[in-house]
Amino acid sequence: MEKVLIVGCKRAMDDICIACSRCLVAFNRREGEFSKYEDAEILGLLNCGDCPGAAIVPRLAQVKLWNAHMEEKPTVVHIATCIMDHCPHKDVLISKIKATVGVPVVEGSHPYRPQNVFA
Ligand code: SF4
């Protein structure tokens with residue numbers, strides 16, 4: 001079974017993107033970048049630690065420590081749509097994550113971008 005850790009933007013998660021529901025709905029429906037999964041569950045939603053992303057590596061290490069007593073750890077990391085679409089530090093942030101986690105990193109999460117707002 002895949003254990004999914006979603007990394008999102010601290011300035012967007014549950015603030016601009018209320019309740020992080022778009023990532024969670026997309027995962028539950030297996031839409032967007034979650035469409036390939038059959039047997040999978042969400043392990044957690046982690047914010048990047050704020051601009052310019054300097055805290056991401058220790059925060060990833062904290063995920064391991066925080067879940068160790070439950071014998072849980074991510075098997076795949078998704079970079080959330082909030083980062084993919086809006087983060088000016090995205091390239092450095094993603095390269096740090098890829099260099100750190102030792103599991104696959106998928107760039108993207110939900111597909112629900114606003115459309116036809118005034119239509
Ligand atoms: S580094 Fe990027 S993802 Fe993190 S808070 Fe800043 S803009 Fe958001």
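Read-outs throughout are calculated quantities, based only on the coordinates presented, and are distinct from any laboratory measurement. Just so it is clear, the model here is predicted, and its values are computed rather than measured. In this analysis, Cβ positions are derived from the backbone assuming ideal geometry, glycine residues included, and neighbour counts consider all displayed protein chains.
When only DSSP loop residues count, what trypsin sites (Lys or Arg not before Pro) in the stretch 1-39 have their Cβ near at most 16 other Cβ atoms within 10 Å?
Working: sites: Lys3, Lys10, Arg11, Arg22, Arg29, Arg30, Lys36; in loops: Lys10, Arg11, Arg30, Lys36.
Passing sites in the stretch 1-39 are Arg11, Arg30, Lys36.
Pairs of lysines 8 or more apart, or on different chains, with alpha carbons under 15 Å: count those in the chain, would you? Can you show the working numbers first?
On the way: Lys3/Lys36; Lys3/Lys64; Lys3/Lys73; Lys10/Lys90; Lys64/Lys73; Lys90/Lys98.
For the chain, the number of qualifying lysine pairs is 6.
Counting Lys and Arg as +1 and Asp and Glu as -1, each charge on the Cβ, what is the dipole of the chain about the Cα centre in debye, to the nearest 20? The partial results should precede the final answer.
On the way: 14 positive and 14 negative charges, 51 e Å.
Roughly 240 debye, rounded to the nearest 20.
Distance from the Cα centre of the stretch 10-49 to that of the stretch 50-102, in angstrom?
Going from one Cα centre to the other spans 14 Å.
Remind me, relative contact order of the chain in percent, using alpha carbon pairs under 8 angstrom and six or more residues apart? Before the final figure, lay out the partial values.
Values: 177 pairs, mean separation 44.4, N = 119.
The normalised contact order for the chain reaches 37 percent.
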